[in-house]
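Have a look at the structure below before the remarks.
Just so it is clear, none of the values below were taken in a lab; they were calculated from the coordinates. Keep in mind the model is a prediction, meaning the values are calculated, not measured. Every residue, glycine as well, gets a Cβ built from its backbone with ideal geometry; the counts of neighbours run over all protein chains shown.
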Amino acid sequence: MRESRLWALHLIAAAALLALGGLHMALMHYPALLGALGRPSEPVLAFAAVAARDRAALWRGLYVLLLGFALYHGLYGTRGILREVWPSPRAARAIDVGVVLVGLLVFVYGVTVIALAGMPW
Amino acid sequence: MPPTDPRVAPQTPASAQPVAWAQRPRRLSGRLGVRGWLYAGRYPAERYLYILHRISGLGLVLYLPLHVWVTARRLEGPEVWEQTLATLRHPALVVGEFLVLAAFVFHALNGIRLLAGHLGYTLGRPGHPVYPYPIALHRQRPLAAVLMALAAVFVAVGLWEVIVR
């Protein structure tokens, strides 16, 4: 894929992460702030609450999107930094292959966890 | 001065020839790579935001696989999940959680500034770069100040939520 297209995807992922990551952080780490804004306070990390989110297709979809955008954005940025540190063409190819492999590995693992957590057993 | 032949391509002076990476001048070595990022020299505040953006981004991308692995403990049932949460309440890990939160808040809000710049919203009309640069002073710097003030507020609230509360 052309570098400009990869860069555009990096920006699109950044914009998506502002929304999805912001929502995730607000729900998980700012319960008192959300409570002050009118949202009923509940223990979001209790097993029952976690399992309820896992069973909801909307939450599972949001988790997959969040994981995918975060991995793409993060690994594209890491790739740029690593290619600055090791600028030779051979190192650049190795870095490209490395970030794709790491990204696929973590994405497949994460999606498997999300899918298994949503199973009805 | 002898007339130049328009059919002959002008010669590039030797000093302007691209230099192979292996033959780069030694004096540049301290301004490249990791040392080059950390040396902000006389650059403005945005240069330090750039360094922090990279550091926070690297921290977040290293944390992400760990976060996926830790949250996967819920697959092993409620007891294992409660044990995992108890482990995460260790003071060192609570501080780590706060650092992740602070890194995310800073990276996201500084990222808004970068997105606005990349999309051209804070660049102004093309013009001669006359000092003091009006676009930088009246548009880019105030945006950076507002976003960093917001980041400070969210990090302070996060500190209270994660550690104090």
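Per the Kirkwood treatment, what hydrodynamic radius in Å, one decimal, follows for the protein assembly as shown from the mean inverse distance over all distinct Cα pairs? Don't skip to the answer; put the middle values down first.
Numbers: mean 1/r = 0.0448 Å⁻¹.
The answer is 22.3 Å.
For a quick check: sort A:78, B:87 by the number of other beta carbons within 10 angstrom, fewest at the front.
Numbers: A:78 20, B:87 11.
Listed from fewest to most nearby Cβ atoms, that is B:87, A:78.
Calculated mean residue ellipticity at 222 nm for the protein assembly as shown: -23000 deg cm²/dmol, from DSSP H runs with n ≥ 4 weighted as -39500 (n - 2.57), summed, divided by the residue count and rounded to 500. Magnitude of the charge dipole for chain A, about its Cα centre and with charges confined to Cβ atoms of Lys, Arg (+1) and Asp, Glu (-1), is about 240 debye. For region B:42-165, a crude dipole built from +1 on the beta carbon of Lys and Arg and -1 on the beta carbon of Asp and Glu, taken about the Cα centre, is about 660 debye to the nearest 20. Give me the percent of Cα-Cα pairs in chain A that sit more than 16 Å apart, rounded to a whole number. Value for chain A (Cα pairs over 16 Å): 70 percent. The string of couplings for region B:119-124 from the Karplus curve (6.51, -1.76, 1.60, θ = phi - 60°) is 7, x, 6, 10, 9, x Hz, one whole number per residue in order, with x for Gly and Pro.
For region A:1-53, the spherically averaged projection of the C-alpha convex hull amounts to 5.1 nm². Only one residue of A:95, B:104, A:45 has its Cα farthest out toward the positive end of the dipole of the protein assembly as shown, where Lys and Arg carry +1 and Asp and Glu -1 on Cβ, and that residue is A:95. For the protein assembly as shown, a simple Cβ point-charge model (Lys and Arg +1, Asp and Glu -1, everything else neutral) yields a dipole of about 1060 debye relative to the Cα centre.
Converting phi to 3J(HN,Hα) with the Karplus coefficients 6.51, -1.76 and 1.60 and the offset θ = phi - 60°, region B:94-99 yields 5, 4, x, 4, 5, 5 Hz in sequence order, with x at every glycine or proline. Along region A:63-74 the Karplus relation, 6.51 cos²θ - 1.76 cosθ + 1.60 evaluated at θ = phi - 60°, assigns HN-Hα couplings of 4, 5, 4, 4, 4, x, 5, 5, 5, 4, 4, x Hz to successive residues, with x for each Gly and Pro. Mean partner shielding of peptide A:25-34, defined as the number of other chain Cβ atoms within 10 Å of each residue Cβ, is 4.
Which of the peptides A:67-74, B:67-74, B:127-134, B:158-165 is most tightly packed, and how do the rest follow, going by the mean number of other Cβ atoms within 10 Å of each residue?
Details: A:67-74: 22.2, B:67-74: 16.8, B:127-134: 8.1, B:158-165: 14.0.
Most protected by this proxy first, the peptides run A:67-74, B:67-74, B:158-165, B:127-134.
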